[in-house]
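**Student:** Sharing a structure here in structure tokens format.
Bear in mind that the values in this text are calculations on the coordinates, not laboratory data. Everything numeric here is computed off the predicted structure, so don't read it as measured data. Cβ sites come from the backbone with ideal geometry, for glycine too, and all protein chains shown count toward neighbours.
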Amino acid sequence: MNWLQKLPGFTRSAPGLEWALWKKLPWIALAGTALPLGLVALACLAAPEAPSPTDERQLTQWLYMAIGVVVLHWTLLLTIAIGCVIVMLMKGPAYVADALEVPHFDHPGSPTSDNKPEPK
């Protein structure tokens, strides 16, 4: 059973910004993940071998901030990816579903319609 039929004569829209973004998303995800974690790694490497409790606390705070930035970045990327997919689907081929016959189509004021006259 064919659920949806393609609309005959429909021309697809040209690809736009959504495909350019879609192709760059893996690199954007990699850069946005590696940059904050790389900064934390550099801070840990620059720390002395026996850090004081204050230095250790600051390193831990940097780690937590980096994790927060990475999670925010992933959330933004997911939102952009969903938007790209929606635009791609909307620009795709058009489909026609089965028509639904309305019983009062020919006679809008008939008693079978939902617009019943009010009693006087």
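**Student:** What is the local net charge at PRO15, summed over the other residues whose Cβ is closer than 13 Å to its Cβ (Lys, Arg +1; Asp, Glu -1)?
**Tutor:** Neighbourhood net charge equals +2.
**Student:** Only four residue types carry charge here, +1 at the Cβ of Lys and Arg and -1 at the Cβ of Asp and Glu. Report the dipole size of the stretch 1-97 about the Cα centre in Debye, rounded to the nearest 20.
**Tutor:** 720
**Student:** Hey, what do the phi angles of the stretch 27-40 turn into as Karplus ³J(HN,Hα) couplings, whole Hz, using 6.51/-1.76/1.60 and θ = phi - 60°, x for Gly and Pro?
**Tutor:** 6, 5, 5, 5, 5, x, 8, 6, 5, x, 5, x, 5, 5
**Student:** Taking R0 as 22 Å, what's the FRET efficiency between LEU63 and LEU25 from their Cβ-Cβ distance, rounded to 0.05? Can you show the working numbers first?
**Tutor:** Details: r = 26 Å, r/R0 = 1.17.
After rounding to 0.05, the efficiency reads 0.30.
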